[in-house]
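Inspection log for the structure reproduced underneath, given as structure tokens.
The values are calculated or read from the model by the stated rules, or taken from the named source; none is laboratory data. Quantities reported herein were computed from a predicted structural model and do not represent experimental measurements. Note that we place each Cβ from the backbone using ideal geometry, even for glycine, and neighbour counts take in every protein chain shown.
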């Protein structure tokens, strides 16, 4: 059964053909810490945007990470980013999708185990 997720107003609908990861990720970079979401990472081929009537995107600094959000209700929905290693390295091609686990349907992200990435000092 796929994972489904929606923004607050329902204008953005997402689907992932995968199981939830064993742990969610909290990044301490300036962007992620301000947004406050917990990320569930997936391969791009597992991820599908079902509806995105109000999809907006923000890129900063290196412009390598696309932070998607609903322009109608403001919910952070997902990121499309390089698959950075824990040391900040990247092979130059592999990408990953970070789904905001707080918008997953029928799921309480705050109750799931979390790994913290020191994004404040890595990127």
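General observations
- Any hit, the stretch 19-34, residues being at pLDDT 95 or above, surrounded by fewer than 16 Cβ atoms within 10 Å (Cβ to Cβ) and in contact with a strand residue (DSSP E or B) (Cβ under 6 Å, 6 or more places away or on another chain): yes
- Residue check for residue 5: at pLDDT 95 or above, touching a helix residue (DSSP H, G or I) at 6+ places or on another chain (Cβ under 6 Å) and closer than 28 Å to residue 87 by Cα: no
- Only one of the listed residues (16, 49) is under 28 Å from residue 89 (Cα atoms), in contact with a helix residue (DSSP H, G or I) (Cβ under 9 Å, 6 or more places away or on another chain) and in contact (Cβ under 8 Å) with a residue 24 or more places away in the chain. That residue is 16.
- Identity of the residue in the stretch 65-89, buried (at least 16 other Cβ atoms within 10 Å of the Cβ), without any contact (Cβ under 8 Å) to a residue 60 or more places away in the chain and closer than 13 Å to residue 41 by Cα, that ends up farthest from the chain's Cα centre (by Cα): 84
- Top-ranked residue of the stretch 35-46 - restricted to ones that are over 22 Å from residue 73 (Cβ atoms) and touching a residue at least 24 places away in the same chain (Cβ under 8 Å), ranked as surrounded by the fewest Cβ atoms within 10 Å (Cβ to Cβ): 44
- When the stretch 52-64 is limited to residues that are over 14 Å from the mean Cα position of the chain (by Cα), loosely packed, with under 14 Cβ neighbours inside 10 Å and without any contact (Cβ under 8 Å) to a residue 60 or more places away in the chain, the one that is farthest from residue 98 (Cα to Cα) turns out to be 53.
- The stretch 97-108, residues that are surrounded by fewer than 19 Cβ atoms within 10 Å (Cβ to Cβ) and touching a strand residue (DSSP E or B) at 6+ places or on another chain (Cβ under 7 Å): 105
- Residue in the stretch 90-101 that is closer than 15 Å to residue 9 by Cβ and touching a residue at least 40 places away in the same chain (Cβ under 8 Å) present: yes
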